[in-house]
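This report refers to the structure that appears directly beneath it.
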């Protein structure tokens with residue numbers, strides 16, 4: 001009986017730790033997004049590399065308008081009350097290099 005209870009506690013602990021780590025991996029934050037943009041696609045990055053960066057984050061939608069790229073990324077909701085949507089606008093030079101970007105965060109109540 002004691003061994004059985006011990007195994008249940010060990011398995012429960014492993015499941016909880018795994019879920020917490022997965023939650024940390026998939027939770028999106030504006031700080032993490034800004035840090036990723038600055039390190040992975042700094043100003044001057046070619047547009048093709050920016051598009052690849054965005055596609056890896058599985059956007060809900062993105063619109064390529066030549067010198068401007070608009071992207072919407074949805075955060076998986078941590079609770080059942082609201083989620084955050086990130087809208088990022090990238091501006092490019094005529095030769096396709098990243099000039100600037102801006103981020104807006106929208107809360108959507110479910």
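Taking 0.36 nm per residue of sequence separation and removing the Cα-Cα distance, the residue 100/residue 62 pair yields an extension gain of 12.0 nm. Cβ crowding within 10 Å ranks 86, 109, 53 as 109, 53, 86, fewest other Cβ atoms first.
According to the Kirkwood relation over distinct C-alpha pairs, the hydrodynamic radius of segment 29-109 is 13.1 Å. Working from label points 7 Å from Cα in the Cα-to-Cβ sense, the residue 30 to residue 70 distance is 1.9 nm.
Here the simple spin-label model places points 7 Å from the Cα toward Cβ, and for residue 107 and residue 3 these points are separated by 5.3 nm.
Any read-out appearing in this document is the output of simple, stated calculations on the displayed coordinates, not a laboratory observation. Just so we're clear, the structure is a prediction, and the values are computed from it rather than from any experiment. Quick reminder, even Gly has a Cβ in these numbers, built from the backbone with ideal geometry, and neighbours come from all protein chains shown.
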